[in-house]
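> My questions will all concern the structure given below.
The values are calculated or read from the model by the stated rules, or taken from the named source; none is laboratory data. Everything numeric in this text was worked out from a predicted model, so none of it was measured. Methodologically, a virtual Cβ is constructed for each residue, glycine included, from the backbone with ideal geometry; neighbour enumeration extends over all protein chains shown.
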Amino acid sequence: MIDLLARHWVAGAVFMAAALLALAPLLAADWPLALLLIFLHSPGYMIHQVEEHTGDRFRSFVNRVMFGGREALTTGDVLWVNCGAVWGIDLAALYVAWIAGPGWALVAPYLMLVNAAGHIGPALRFRGYNPGLVTGIVLFIPLGLATALTIPATAAQHALGFGLSLLLHIIIAASAIRRARGAAPAKA
């Protein structure tokens with residue numbers, strides 16, 4: 001089952017993003033703007049994941065370029081992070097926005113903004129493209145900023161959203177670094 005998911009989740013993301021975006025005009029008619037913006041983070045992230053993970057490009061890039069051929073990211077990591085953590089967090093953020101108010105759902109835009117920074121940094125360091133960079137800049141920064149600046153929220157709500165997003169990215173990076181330290185470099 002994991003192999004099947006590993007082979008087809010990116011294609012599934014294409015269709016899920018299209019279906020969710022097709023619902024957006026209907027939702028926009030009745031939902032407050034803040035709730036609609038939080039909703040749009042799910043299909044936005046799925047579009048990013050298509051650029052990033054088609055052909056296993058991001059995992060290959062990270063392992064080859066950033067970790068010198070060591071397996072820092074596994075297929076299981078990619079599935080857990082994208083299908084589990086990201087989709088789960090964005091869905092939870094939508095429900096939190098609906099139940100408790102959109103100010104408590106700012107993890108969704110900050111997840112995008114921190115991720116965009118996580119693509120821009122390596123692009124500058126390695127002086128080139130990395131899978132996910134284009135949608136990180138063109139989609140994540142505008143949608144993330146528009147959401148974070150549009151939703152009325154306290155400083156504590158912004159800090160919570162940013163802190164949770166940063167924590168997730170730190171956990172992912174720490175896991176990759178730990179695994180890379182224990183892995184042998186790839187043979188040339």
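> Somewhere in the range 64-78, is a residue more than 27 Å from Leu5 (Cα to Cα) and surrounded by 15 or more Cβ atoms within 10 Å (Cβ to Cβ)?
No, the range 64-78 contains no residue that is more than 27 Å from Leu5 (Cα to Cα) and surrounded by 15 or more Cβ atoms within 10 Å (Cβ to Cβ).
> While we're looking at this one, here's another question. Any residue at all in the range 123-144 that is within 19 Å of Leu164 (Cβ to Cβ), small (Gly, Ala, Ser) and not in a helix (DSSP H, G or I)?
The answer is no; no qualifying residue exists.
> With respect to the numbered conditions (1) small (Gly, Ala, Ser); (2) over 30 Å from Trp31 (Cα atoms); (3) modelled with pLDDT of 95 or more, which one is the sole condition not fulfilled by Ala188?
Checking Ala188 against (1) small (Gly, Ala, Ser); (2) over 30 Å from Trp31 (Cα atoms); (3) modelled with pLDDT of 95 or more, the one that fails is (3).
> Right, another one. Out of (1) within 18 Å of the chain's Cα centre (by Cα); (2) surrounded by fewer than 14 Cβ atoms within 10 Å (Cβ to Cβ); (3) not aromatic (Phe, Trp, Tyr), what's the single condition that is false for Ala105?
Every listed condition holds for Ala105 apart from (2).
> Is it the case, given these coordinates, that Trp80 is over 23 Å from Ser165 (Cα atoms) and without any contact (Cβ under 8 Å) to a residue 60 or more places away in the chain?
So Trp80 fails the test.
Conditions tested, residue by residue: (1) out of contact with any Gly (no Cβ under 9 Å at 6 or more places or on another chain); (2) at pLDDT 95 or above; (3) aliphatic (A, V, I, L, M); (4) more than 19 Å from Leu133 (Cα to Cα).
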{"position": "Val62", "(1), (2), (3), (4)": "yes, yes, yes, no"}
{"position": "Val86", "(1), (2), (3), (4)": "yes, yes, yes, no"}
{"position": "Val96", "(1), (2), (3), (4)": "yes, yes, yes, yes"}
{"position": "Leu111", "(1), (2), (3), (4)": "no, yes, yes, no"}
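> Can you tell me which residues in the range 78-100 are touching a Leu at 6+ places or on another chain (Cβ under 9 Å) and within 25 Å of His8 (Cα to Cα)? Before the answer, list the steps.
So the first thing to find is which residues in the range 78-100 are touching a Leu at 6+ places or on another chain (Cβ under 9 Å), and the list is 79, 81, 83, 85-86, 89-90, 93-94, 97-98.
Leu79, Val81, Cys83, Ala85, Val86, Ile89, Asp90, listed by residue number.
> Okay, next question. Which residues, taken from the range 1-36, are in contact with a Leu (Cβ under 9 Å, 6 or more places away or on another chain), closer than 22 Å to Ala93 by Cβ and touching a residue at least 60 places away in the same chain (Cβ under 8 Å)? Walk me through how you get there before you give the answer.
Restricting attention to the range 1-36, the residues satisfying the condition of being in contact with a Leu (Cβ under 9 Å, 6 or more places away or on another chain) are 2, 5-6, 9, 12, 20-21, 24, 27-28, 35-36.
Filter once more, keeping what is closer than 22 Å to Ala93 by Cβ: 9, 12, 20-21, 24, 27-28, 35-36.
Selection gives Trp9, Leu35.
> Here is a follow-up. I need a count of the residues in the range 115-132 that are surrounded by fewer than 19 Cβ atoms within 10 Å (Cβ to Cβ) and either among the hydrophobic types (A, V, I, L, M, F, W, C) or touching a Pro at 6+ places or on another chain (Cβ under 7 Å) (or both).
5
> Just checking, does the range 151-162 include any residue being under 16 Å from the mean Cα position of the chain (by Cα) and assigned to a helix (DSSP H, G or I)?
Yes.
> Please determine, by comparing only the residues of the range 137-188 that are within 20 Å of Phe58 (Cβ to Cβ) and polar (S, T, N, Q), which one is surrounded by the fewest Cβ atoms within 10 Å (Cβ to Cβ).
Checking each candidate, the answer is Ser175.
> Now for a different question. Considering only residues that are of a type in the set (Ser, Thr, Tyr) and touching a Phe, Trp or Tyr at 6+ places or on another chain (Cβ under 7 Å), which ones fall in the range 123-176?
Of everything in the range 123-176, just one residue is of a type in the set (Ser, Thr, Tyr) and touching a Phe, Trp or Tyr at 6+ places or on another chain (Cβ under 7 Å), namely Ser165.
> Is it the case that the range 109-121 has a residue that's farther than 23 Å from Ala180 by Cβ, outside any helix (DSSP H, G or I), touching a residue at least 40 places away in the same chain (Cβ under 8 Å) and of a type in the set (Ser, Thr, Tyr)?
no
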